[in-house]
Amino acid sequence: MLEKLKIIETTVLNGLKDFQLATAKRVFELYKHGQRRVLVADEVGLGKTLIAKGVIAQTARYHYGEHKDGLFKVVYVCSNQVIANQNLNKLKICEDITVDGS
């Protein structure tokens, strides 16, 4: 499973633009050092959802590697339910992930 998560992480991160990648890596570094809440705010269309997917991919690999547990939760806050529902599938890093509240 860890190898699969490493491949997913690499694939997701390789799909990001430089500024998105820098943000995703910074948020993940903050998480690794104990920060549990980070707000990413930017203009519409600059890829906040893709950044979130990058953070999720990094966190999944790290969490499984450190804790040998594939279960963790991500809270994704969005401006409205319609946009949130559109983005839920974009945030999934693999098909076997479950989503609550959709």
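Every read-out reported here was derived from the displayed coordinates using simple, explicitly stated rules and does not represent laboratory data. Source: prediction; values computed, not measured. With ideal geometry, Cβ positions are generated from the backbone for all residues, glycine too; neighbour counts draw on all protein chains shown.
Values for this structure:
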| quantity | calculated |
| --- | --- |
| Sparse-neighbourhood loop sites, GluC sites (Glu not before Pro) in segment 1-95 - DSSP loop, at most 10 other Cβ within 10 angstrom | Glu43, Glu95 |
| Lys/Arg +1, Asp/Glu -1 at C-beta; the chain dipole; positive extreme among Asn87, Thr23, Thr11 | Thr23 |
| Point-charge dipole on Cβ atoms (K/R +1, D/E -1) for the chain, about Cα centre, debye to 20 | 160 debye |
| Set of aspartates and glutamates with alpha-carbon distance to Lys25 below 12 Å, sequence-local pairs under 8 removed | Glu9 |
| Helical contribution to [θ] at 222 nm, DSSP H n ≥ 4, -39,500 (n - 2.57), averaged over the chain, rounded to 500 | -19000 deg cm²/dmol |
| Among Gly54, Gly45, Gly65, residue whose mean-square fluctuation peaks in a GNM of the chain (springs only between Cα atoms under 10 Å) | Gly45 |
| Kirkwood Rh in Å, taken over all unlike Cα pairs in the chain | 14.1 Å |
| Separation between Cα centres of segment 1-30 and segment 36-60, rounded to whole Å | 10 Å |
| Estimated FRET transfer efficiency when R0 is 41 angstrom, pair Glu66-Leu46 (beta carbons, to 0.05) | 0.85 |
| Over 19 Å (Cα to Cα) - which of Lys4/Lys32; Lys17/Lys53; Lys4/Lys92; Lys17/Lys48; Lys17/Lys68; Lys32/Lys92 fall in this group | Lys4/Lys32; Lys17/Lys68; Lys32/Lys92 |
| Choice from Ala57, Ala24, Ala41 showing the highest fluctuation, given a GNM over the chain with Cα pairs closer than 10 Å | Ala41 |
